[in-house]
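A quick write-up on the structure given underneath.
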Amino acid sequence: MDSHLTLIGSIVIGGIFLLSLLGFQSDLREHSFNNTNDLILQQNALAITELLESDLRQIGLGVDSLAVITSAGEQSLSYYADLGVNGSIDLVTYSLSNPGMASDTPNPRDRILYRIINGTKQVNAAMGVTDFRFKYFDRNGEQTTNAAAIRTIELTLEMESTAPYGKKYAHFFWRKKMTPPNLLRS
């Protein structure tokens, strides 16, 4: 009888130990996937923020006319700049697609960020963009919608991972105000 109790106790303790190992493995897998999702999102976010900062700093570069910014909307911006610094003026447009256009990913909130240079779309500019907004300010720091009066641009970018773990998406938020030097000429 005593050996049966010892055997049953060993089985119970072994079962508890096995269940805790399985739980640990599950937690480890979830943590690993979340870290991977975060890393991919951070890499995508770094690439797009560097591109945006570089492009927006060049607004008006090499352009002699005062009509540097051709249109300035809440989710789009078009301007002239010599992006290649080769004497050729480019028309650059950033715009955000309507919801549902990024149907290749399981994230229902992500959209396509278009970077259009001289009419050629570069749709792979960013993966997982969920919000992309501009605000514009004049020389006095007052918000404006007049393209000719814009001196400072505030950009808000939100991104999420393209695939969830469970129902959770990794999230990234970035907001930056910049004053392109070529907008200060007038």
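The values are calculated or read from the model by the stated rules, or taken from the named source; none is laboratory data. The structure displayed is predicted, hence computed values, not measured ones. All Cβ positions, glycine included, derive from the backbone under ideal geometry; neighbour counts span all protein chains shown.
Looking across the range 159-170, the residues that are outside any loop (DSSP other than H, G, I, E, B) and crowded, with 18+ Cβ neighbours inside 10 Å come down to Met159, Glu160.
For the range 117-148, give me the residue count where each residue is of a type in the set (A, V, I, L, M), surrounded by 18 or more Cβ atoms within 10 Å (Cβ to Cβ) and either within 28 Å of Thr179 (Cβ to Cβ) or modelled with pLDDT of 90 or more (or both).
3
Name the residue that is farthest from the chain's Cα centre (by Cα), counting only residues in the range 110-145 that are assigned to a loop (DSSP other than H, G, I, E, B) and in contact (Cβ under 8 Å) with a residue 60 or more places away in the chain. This residue is Thr145. Evaluation of Leu184 against the conditions (1) more than 17 Å from the chain's Cα centre (by Cα); (2) within 23 Å of Ile40 (Cα to Cα); (3) free of Cβ contacts under 8 Å to residues at least 60 places away in the same chain shows that the sole unmet condition is (2). I'd like to check something: does the range 52-65 contain any residue that is under 17 Å from Ile150 (Cα atoms) and without any contact (Cβ under 8 Å) to a residue 40 or more places away in the chain? Yes, the range 52-65 contains at least one residue that is under 17 Å from Ile150 (Cα atoms) and without any contact (Cβ under 8 Å) to a residue 40 or more places away in the chain.
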